[in-house]
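Have a look at the structure below, then the notes.
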Amino acid sequence: MAGDALVKDDFAAKFVTEKESPYTRWVAAEGLDIIAAHYVPDLRTVELKPWARRGGRGVFINHEATRTSNDCYVCEIPAGGELAPQRQLFEEMILVLDGQGSTKVWNDAGAEVTFEWQAGSIFAIPLNTHHRHFNGSGRKAARFVASTNLPPVLNLYDDADFVFNTSRDFPNRFDGEPDYFSPKGEQKGLLLDTNFVADAVNLPLVEAKERGAGGGHIRFAMAKGSMNSHISQFPIATYKKGHRHGPGAHVIILTGTGYSLMWPEGEEPRRYEWGPGSLIVPPNMWFHQHFNTGPDPARYLAFKHEVVSVRNAQGVPKAWISQRIGGDQIDYADESPYVRETFHEALAKIGIEPRMEEAYSAELETLPPKS
């Protein structure tokens, strides 16, 4: 059985300085912590610290498996308050966890757009635009979670002043279009080309039977950035197919209750219980699988760095392709007996029968032969 590759302390000490980076030093200088975990039970209640420069409270989440690709942070805007203006030479995607408010975005040319958001809204900050977040409530703090590609950018330049204070507009990314953050978009297959989703919980999805369980799926290209995201949903008493991919996926549960199994190849699965607000960050090339054990459909949002998507020659993510033909998705027919046994046991505790027979049968119609 494969292990965690842990070595003796004297050996590890030879590399200890290489764990530090311009990024980790910058977070420390901001007075904030980094949660080095691939599971956070509830982002809505995770402990935050005062963030003096931004004028709010925050914490960073950066698991070792993603530390050089992208990160995640949670930020709170005080009741009746706002965050300090900021611009940045990196990309950022945001999900509002609690509260309501507005954001103003503007460039050096003087073009300005303001839009409103609420819990469940998703949007992206266009590259290097000035922006400022405002809390619309005078009684309750607003909280959001964001994923950024700050780590590789800051590690490359090792100059925070350059990253946060360079005067440069990117008009192909943002040119002050009045409808830039309107809740619209062009549907291109599974991809919705938009810069703002008003309500991620109730957004209509597209059928994606390739991922199993008769679920829905939609992918986003926001603010013309290199980062991407998607929403997936699967029905009551069902589960998705196990798969693996590169680092950088931050999976945030929007609705439902259940659990996920995650494991590196050759090891036993590890189980993580989730509900609305939970965060799952699968380490690099760990298999993972999501199970709905609640009375409602389960829906999640995944913020991702492009390094996640190992693709075939046709541009299809290998995480969507059967292992039988060289992909990284485990067919139901090939999964470990442990998967079904554990799922049956979890549902039995709440008096629900599995609803997987249709998914199992549908897979057999297109299942490639074993090599």
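The values are calculated or read from the model by the stated rules, or taken from the named source; none is laboratory data. Everything numeric in this text was worked out from a predicted model, so none of it was measured. Counting neighbours? That spans all protein chains shown, and the Cβs are built from the backbone with ideal geometry, glycine included. Protein only, heavy atoms only, side chains kept; ligands, DNA and RNA dropped before computing areas. Shrake-Rupley method; radii C 1.70, N 1.55, O 1.52, S 1.80 Å.
Laid out as a table, the results:
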read-out	value
Number of positions in segment 205-264 that are over 23 Å from residue 324 (Cβ atoms), among the hydroxyl-bearing types (Ser, Thr, Tyr) and surrounded by 19 or more Cβ atoms within 10 Å (Cβ to Cβ)	3
Matching residues, segment 143-166, being within 25 Å of the chain's Cα centre (by Cα) and among the β-branched types (Val, Ile, Thr)	145, 148, 153, 163
Pairs, first outside any loop (DSSP other than H, G, I, E, B) in segment 175-187, second of a type in the set (D, E, K, R), C-beta under 8 Å, six or more apart	186/193; 187/193
Scan of segment 273-293 for residues that are surrounded by 19 or more Cβ atoms within 10 Å (Cβ to Cβ), assigned to a loop (DSSP other than H, G, I, E, B) and not polar (S, T, N, Q), ordered by number	277, 281, 282, 286
Near pairs, Cβ below 9 angstrom, 6+ apart or cross-chain, from segment 3-26 (under 26 Å from residue 152 (Cβ atoms)) to any residue that is modelled with pLDDT of 75 or more and of a type in the set (S, T, N, Q)	21/68; 21/155; 22/155; 23/62; 23/68; 23/155; 24/62
When residues of segment 118-134 are limited to those that are open to solvent by 20 Å² or more (accessible area, probe 1.4 Å) and assigned to a strand (DSSP E or B), the one farthest from residue 304 (Cα to Cα)	134
Checking residue 161 against (1) in a helix (DSSP H, G or I); (2) farther than 22 Å from residue 91 by Cα, the condition it does not meet	(2)
Residue match in segment 149-164 (condition: among the aliphatic types (A, V, I, L, M) and without any contact (Cβ under 8 Å) to a residue 40 or more places away in the chain)	yes
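Okay, residues lined up against (1) open to solvent by 30 Å² or more (accessible area, probe 1.4 Å); (2) within 12 Å of residue 144 (Cα to Cα); (3) touching a strand residue (DSSP E or B) at 6+ places or on another chain (Cβ under 6 Å):
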residue: 32; (1), (2), (3): no, no, yes
residue: 51; (1), (2), (3): no, no, yes
residue: 59; (1), (2), (3): no, yes, yes
residue: 62; (1), (2), (3): no, no, yes
residue: 69; (1), (2), (3): no, no, no
residue: 73; (1), (2), (3): no, yes, yes
